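Trainee: Below is the structure I would like to discuss, written out as structure tokens.
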Amino acid sequence: MSEKIKLSSSLEKQEEYTELLRDILYIRYNNRQPRAFVHTYGCQQNVADSEKLKGMLEAMGCALTEDKEEADIIIFNTCAVREHAEDRVFGNVGALKALKKKKPSLLICLCGCMMEQEHIAQKIYKSFPYVGLVFGTHVIHQFPELIYNAVTTGKRHVERGTDDGLIYEGLPIHRDGSFKGWLPIMYGCDNFCTYCIVPHVRGRERSRRSDIVIEEARKMVEAGYKEITLLGQNVNSYGKGLEEKTNFPELLRSIGELEGDFWLSFMTSHPKDASKELIDVIAENPKISPHLHLPFQCGSDRILKAMNRRYTVEKYLEIVDYAKSRIPDLSLTSDVIVGFPGETYEDFRQTLELIKKVEFTSLFTFIYSKRVGTPAAKLPDPVTHEEKARWMGELLKTQEQIAAKRTASMVGNTYRVLIEEQAREGVLNARTHNGVVVEVEGGPELIGSFRIAEITQARNFILKGRVTPLDDLTTQ
Ligand code: SAH
Ligand code: SF4
Ligand code: F3S
């Protein structure tokens with residue numbers, strides 16, 4: 001067994017707490033099943049952590065609820081990546097004061113990335129006396145023990161632990177979706193991009209053993225999952241530090257070879273580690289989505305260097321060109337930061353150039369947000385927020401034109417789609433294998449199934465299609 005996987009004894013202790021909590025919580029909440037509300041901020045990594053918290057809550061005998069008002073336990077799993085994300089949490093925690101007053105037995109817990117910052121954990125503790133439990137990302141597996149201590153002592157508690165570099169396998173899990181599922185393959189990040197808080201709050205990179213990941217994927221397919229998304233801050237460094245010799249393309253290939261009708265995707269790929277081998281695996285396996293989320297952040301080499309991204313625009317375009325040449329119907333998406341400290345309009349213009357060259361399907365765009373404790377926070381940042389917002393406007397307009405061209409080119413074509421959700425009465429959102437959303441007509445009984453859709457029109461960036469009744473194409 002790899003030394004990176006914690007021996008089960010520490011989880012056995014948590015199972016004992018879980019067992020005790022079944023009675024303790026039942027009695028505490030007037031001899032009825034306690035109800036728990038979990039709200040997740042931030043990225044899919046947090047969503048995956050919340051699925052574990054929900055699994056543990058269910059094991060304690062709780063029912064999950066979507067309604068804060070009726071909850072006995074409220075958990076906010078927070079994100080620290082930008083100031084805006086943090087402000088939302090502060091606002092929403094403030095709004096819980098009235099609920100706690102109405103229901104003194106309510107247990108309010110805050111966890112996740114924000115809590116890994118000392119100054120934030122302290123601020124929460126001081127400013128919100130009705131918050132009962134604060135815990136960080138490194139102690140999620142101790143959740144039953146933390147809840148046990150909170151309810152049996154009645155004392156407020158902050159538990160941040162340390163990054164022990166271990167992976168705690170075998171926690172219960174409650175997946176939010178029944179046909180789309182997240183599968184973390186690694187945790188943490190070692191890249192230390194100078195603007196980013198993630199390595200500071202998520203600890204060092206560590207990979208899950210490949211046999212465990214593959215088995216989990218197999219079980220998901222068996223349980224009817226139609227789309228599995230492998231998760232990691234940089235999936236391309238998967239395998240480092242494991243005893244076995246493996247890498248991400250190998251893992252992707254193995255999961256793609258599992259039997260069953262499902263789509264396989266992943267996020268996120270760091271361009272510095274995106275290899276031709278990775279592109280070849282995507283190109284060769286029809287189950288793997290022809291989609292690459294490859295954040296470039298900025299189109300200026302000078303700024304990329306200041307960001308510590310460790311690739312140049314030329315290197316980025318090289319991998320993009322190779323991917324385009326190997327993967328038909330490839331869809332590229334990316335993250336972009338506008339207004340990094342010291343970025344000039346000339347630097348920003350190079351970002352626009354890159355966007356025009358690559359023609360991304362869609363972009364996640366962010367104005368730089370200063371994060372306490374990161375190297376970029378100490379750099380002079382003379383450009384005003386208004387100016388940065390103007391640049392952002394320009395970027396969005398450029399991207400809109402590119403997206404419009406792309407969606408228009410899809411009209412008349414036929415695609416295999418996965419029906420995901422109801423958009424409104426009689427209208428469903430479906431997604432093509434490369435991640436483009438199409439609105440189709442139909443009832444909720446189609447949700448979770450693969451269908452064939454013909455794209456009938458593209459209007460205001462929304463694609464409309466018609467699903468054919470017969471689904472006789474194989475995975476594509
Ligand atoms: N690990 C992923 C990104 C995780 S954070 C990767 O490297 O691709 C998601 C995105 O948030 C980043 O890609 C970046 O574009 C953005 N981001 C991170 N820190 C930021 C900050 N301080 N200000 C603005 N955007 C930021
Ligand atoms: Fe942050 Fe960079 Fe790590 Fe992504 S790769 S999480 S942007 S430090
Ligand atoms: Fe946010 Fe933490 Fe993800 S900071 S983006 S929730 S890893």
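Trainee: Look through region 376-392, keep the residues that are closer than 16 Å to residue 307 by Cβ and more than 11 Å from ligand 1 (Cβ to nearest atom), and return whichever of them is least open to solvent (accessible area, probe 1.4 Å).
Mentor: Top of the filtered list is 383.
Trainee: Every residue in region 258-268 that is within 15 Å of residue 216 (Cβ to Cβ) and open to solvent by 30 Å² or more (accessible area, probe 1.4 Å), please.
Mentor: 260, the sole residue that qualifies.
Trainee: Which one of 355, 367 is under 21 Å from residue 396 (Cα atoms) and out of contact with any Lys or Arg (no Cβ under 9 Å at 6 or more places or on another chain)?
Mentor: The conditions single out 355.
Trainee: Could you look through region 423-435, keep only residues that are assigned to a strand (DSSP E or B) and farther than 20 Å from residue 263 by Cα, and pick out the one that is least open to solvent (accessible area, probe 1.4 Å)?
Mentor: Ranking the candidates gives 427 first.
Trainee: Just to be sure I understand, how many residues within region 269-310 are surrounded by fewer than 20 Cβ atoms within 10 Å (Cβ to Cβ) and among the hydroxyl-bearing types (Ser, Thr, Tyr)?
Mentor: Result for region 269-310: 1.
Trainee: Any residue that is under 29 Å from residue 12 (Cβ atoms) and part of a loop (DSSP other than H, G, I, E, B) - is there at least one of those in region 108-127?
Mentor: no
Trainee: Turning to a different aspect of this structure: Got a sec? Which of 46, 30 is over 25 Å from the mean Cα position of the chain (by Cα) and either open to solvent by 30 Å² or more (accessible area, probe 1.4 Å) or not assigned by TED's automatic domain parsing to the domain that holds residue 197 (or both)?
Mentor: Answer to the check: 30.
Trainee: Going residue by residue through region 231-241, is there one that turns out to be surrounded by 18 or more Cβ atoms within 10 Å (Cβ to Cβ) and more than 16 Å from ligand 2 (Cβ to nearest atom)?
Mentor: Yes: one or more hits.
Trainee: Right, next: Give the residues of region 62-71 that are open to solvent by 20 Å² or more (accessible area, probe 1.4 Å) and assigned to a loop (DSSP other than H, G, I, E, B), sorted by residue number.
Mentor: Passing the criteria: 66, 67.
Trainee: Right, next: Regarding residue 331, is this residue open to solvent by 10 Å² or more (accessible area, probe 1.4 Å) and either away from ligand 1 (no atom under 12 Å from the Cβ) or outside the structural domain of residue 240 (by TED's automatic domain parsing) (or both)?
Mentor: Criteria not met by residue 331.
Trainee: Another question, if that's okay. For residues that are under 21 Å from residue 331 (Cα atoms) and open to solvent by 30 Å² or more (accessible area, probe 1.4 Å), tally how many sit in region 436-456.
Mentor: 4
Trainee: Any chance region 227-247 includes a residue that's more than 23 Å from residue 42 (Cβ to Cβ) and assigned to a helix (DSSP H, G or I)?
Mentor: No, every residue in region 227-247 fails to be more than 23 Å from residue 42 (Cβ to Cβ) and assigned to a helix (DSSP H, G or I).
Trainee: Assuming residue 173 fulfils every condition listed in (1) touching a Lys or Arg at 6+ places or on another chain (Cβ under 8 Å); (2) open to solvent by less than 60 Å² (accessible area, probe 1.4 Å); (3) in a loop (DSSP other than H, G, I, E, B); (4) closer than 26 Å to residue 215 by Cβ apart from one, which condition is it?
Mentor: Going through the list (1) touching a Lys or Arg at 6+ places or on another chain (Cβ under 8 Å); (2) open to solvent by less than 60 Å² (accessible area, probe 1.4 Å); (3) in a loop (DSSP other than H, G, I, E, B); (4) closer than 26 Å to residue 215 by Cβ, residue 173 breaks only (2).
Trainee: Another question about this same structure. Read through the list (1) away from ligand 2 (no atom under 16 Å from the Cβ); (2) in contact (Cβ under 8 Å) with a residue 40 or more places away in the chain, then give the number of the only condition that residue 274 fails.
Mentor: Answer for residue 274: the failing condition is (1).
Trainee: Restricting to region 188-204, give me the number of residues that are surrounded by 17 or more Cβ atoms within 10 Å (Cβ to Cβ) and either near ligand 2 (Cβ under 6 Å from one of its atoms) or among the hydrophobic types (A, V, I, L, M, F, W, C) (or both).
Mentor: 8
Trainee: Regarding region 387-403, can at least one residue be identified that is of a type in the set (Ser, Thr, Tyr), at pLDDT 95 or above and not assigned by TED's automatic domain parsing to the domain that holds residue 363?
Mentor: Looking for residues that are of a type in the set (Ser, Thr, Tyr), at pLDDT 95 or above and not assigned by TED's automatic domain parsing to the domain that holds residue 363, one finds none in region 387-403, hence no.
The values are calculated or read from the model by the stated rules, or taken from the named source; none is laboratory data. Here the structure is a predicted model, which means the values were calculated and not measured. Ideal geometry is used to build each Cβ from the backbone, glycine not excepted, and the neighbour counts take in all protein chains shown. SASA here: full protein model, heavy atoms, side chains in, ligands and nucleic acids out. Shrake-Rupley method; radii C 1.70, N 1.55, O 1.52, S 1.80 Å.
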